[in-house]
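Remarks on the structure that follows.
Coordinate-derived values only; no laboratory data. Please read all numbers here as calculations on a predicted model, not as lab measurements. Note that each Cβ is placed from the backbone with ideal geometry, even for glycine, and that neighbours are counted across all protein chains shown.
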Amino acid sequence: MLVLGVISDTLLYLCFALLIGSFLLYLVPAGKRPDIHVPKGVLMAATGGIAIFSFIPVLSLILHLYQDIGLSQTTQSVLFTFEVGKAWIFTYLISNILFIFIVWFDYRKKQLYAYVGIFFTVVLILALGYSSHATSIVEWKGFLTHTSHFTAISVWVGILIIVSWFSKDHSNWLRFLKWFTPVAMVCFTVTIISGLILMSVVTDFKDYTNAWMIPYGQALLIKHLLIVPLLVYATMNSLLIKNKLRSDENFNPKPWTKTESVVILLIFSATAAMGQQSPPHETLVTDTSVSKLFKIFYQGEFQPGMTVQLILNTTSVSLIILSVLFLVLALFTLIKKAPAMLSFCMSILFVLSSYLSLIISIQ
């Protein structure tokens with residue numbers, strides 16, 4: 001169920017991004033964005049995906065409990081008495097309404113229909129926030145923080161994915177960047193602030209490095225490392241590409257935004273992995289709960305109750321220098337118009353070398 005949960009959560013986040021990104025872009029005048037075409041089938045699949053993928057946590061809970069009182073009674077109990085079950089029923093109903101709306105009304109021709117689509121998508125985001133782990137811990141604070149965090153990510157990522165993969169060309173790209181860059185900056189700021197608040201709910205900041213010993217902390221570390229190349233791509237797409245387009249009208253920025261969207265998909269996967277693991281405040285670090293990935297790369301001998309302290313050594317410093325080099329090369333590939341895939345490979349190597357440098361520094 002762990003792998004299934006990670007995959008389903010990743011696809012769930014992608015479905016939300018596709019929906020809100022599409023509806024938002026169809027509100028923007030055609031002269032201020034590339035010419036996009038999002039087939040109805042894509043949004044129908046995304047809406048159906050939300051109904052299906054959001055059921056996986058409910059199914060996991062049912063399978064965990066059914067042996068005590070039977071499958072039928074457990075299913076009824078989870079759906080009608082557990083918050084996660086009631087939230088899914090609401091999600092399923094709204095998803096069906098949105099699905100029918102997409103079939104009957106053409107959101108590509110009337111802005112009113114795009115507004116209605118956004119409304120239903122936001123309602124689904126609220127339902128997701130209501131069933132979140134943060135809401136179960138700190139109620140309204142968790143609900144508001146999780147909802148704002150997920151909404152900001154969906155808006156930023158959704159717009160980026162749609163223009164990257166569903167635009168017919170790169171016309172009006174400078175006009176698009178003129179309004180998208182500040183939107184992305186606001187979304188990123190909201191994401192960081194709300195993300196820190198959410199992290200404080202499950203992890204004491206002073207125990208951040210200690211959390212690396214468990215699977216949740218490993219996923220959190222990888223997610224944070226992936227954010228660094230994401231920032232590099234965001235900077236490239238907002239500043240360097242603007243200059244490229246001004247000097248060369250034939251320059252195609254889409255491969256770079258596609259690369260950025262793939263990095264974001266990896267961040268979605270890391271976030272999904274976190275959602276499938278017990279957070280630090282609920283986990284006692286023992287031989288059975290320690291991360292297998294941590295034990296593979298940790299140079300010392302793991303002891304239950306140990307604390308993580310970082311002490312630089314020759315190997316870790318060398319890896320840090322190497323990671324910085326990979327990041328510089330990722331930028332250099334754009335300047336020299338090298339294939340975007342090469343830049344993506346440099347980003348992955350940055351994450352790998354940075355990860356190893358930190359784990360090797362643990363004493």
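Observations on the structure shown:
- Point-to-point label distance, Leu27-Lys206, nm (Cα→Cβ direction, 7 Å offset): 4.4 nm
- Ordering Pro29, Leu11, Val123 by Cα displacement along the dipole of the range 1-173 toward the positive end leaves Pro29 in first place; charges were set at the Cβ atoms of Lys, Arg (+1) and Asp, Glu (-1).
- Placing +1 on the Cβ of every Lys and Arg and -1 on the Cβ of every Asp and Glu, with no other charges, gives the range 227-363 a dipole of roughly 580 debye about its Cα centre.
- Amide hydrogen neighbours beyond the local backbone of Ile36, cut-off 5 Å, H modeled: Lys168
- The distance from the alpha carbon centre of the range 210-232 to that of the range 323-363 is 15 Å, rounded to a whole number.
- Between the alpha-carbon centres of the range 114-159 and the range 43-74 there is a gap of 20 Å.
- Distance-filtered residues of the range 324-345 - backbone nitrogen under 11 Å, label point 7 angstrom along Val228 Cα→Cβ: 324-328
- When the chain is treated as a GNM with alpha-carbon contacts under 10 Å, the residue of Gly41, Gly275, Gly117 showing the greatest mean-square fluctuation is Gly41.
- Euclidean distance between Cα centres, the range 180-204 to the range 245-292, Å: 15 Å
- Each listed q (0.18 Å⁻¹) maps to a log10 I(q)/I(0) for the range 238-363, found by the Debye formula over equal Cα scatterers with no solvent: -1.05.
- Over all distinct Cα-Cα pairs of the range 1-135, the Kirkwood formula returns a hydrodynamic radius of 15.9 Å.
- Here the 3J(HN,Hα) profile of the range 42-52, calculated from phi with Karplus coefficients 6.51, -1.76 and 1.60 at θ = phi - 60°, is 5, 6, 5, 5, 5, 5, x, x, 4, 5, 7 Hz, Gly and Pro shown as x.
- Estimated FRET transfer efficiency when R0 is 22 angstrom, pair Val328-Ser238 (beta carbons, to 0.05): 0.75
- Against the empirical 2.2 N^0.38 Å (N residues), the range 98-216 has a Cα radius of gyration ratio of 1.32.
- Charged-residue dipole, Cβ positions (Lys, Arg, Asp, Glu), the range 1-173 about Cα centre, Debye nearest 20: 580 debye
- If R0 equals 56 Å, the separation of the Cβ atoms of Leu310 and Lys110 corresponds to a calculated FRET efficiency of about 0.50.
- Per residue convex hull volume, Cα atoms of the chain, in Å³: 137 Å³
- Exposure rule at most 11 other beta-carbon atoms within 10 Å, DSSP loop trypsin sites (Lys or Arg not before Pro): the chain longest free segment: 169-335
- Taking Phe332, Phe143 and counting other C-beta atoms within 10 Å, the order from fewest to most: Phe332, Phe143
- Within the chain, longest stretch clear of exposed GluC sites (Glu not before Pro) (DSSP loop, no more than 16 other Cβ within 10 Å): 1-138
- Segment Ala338-Phe119, length gained on full extension (0.36 nm per residue, minus Cα span): 74.7 nm
- Separation in nanometres of the label points that stand 7 Å from Cα toward Cβ, at Ser77 and Met185: 5.4 nm
- Top of Val138, Val201, Val262 by mean-square fluctuation, Gaussian network on the chain, Cα under 10 Å: Val138
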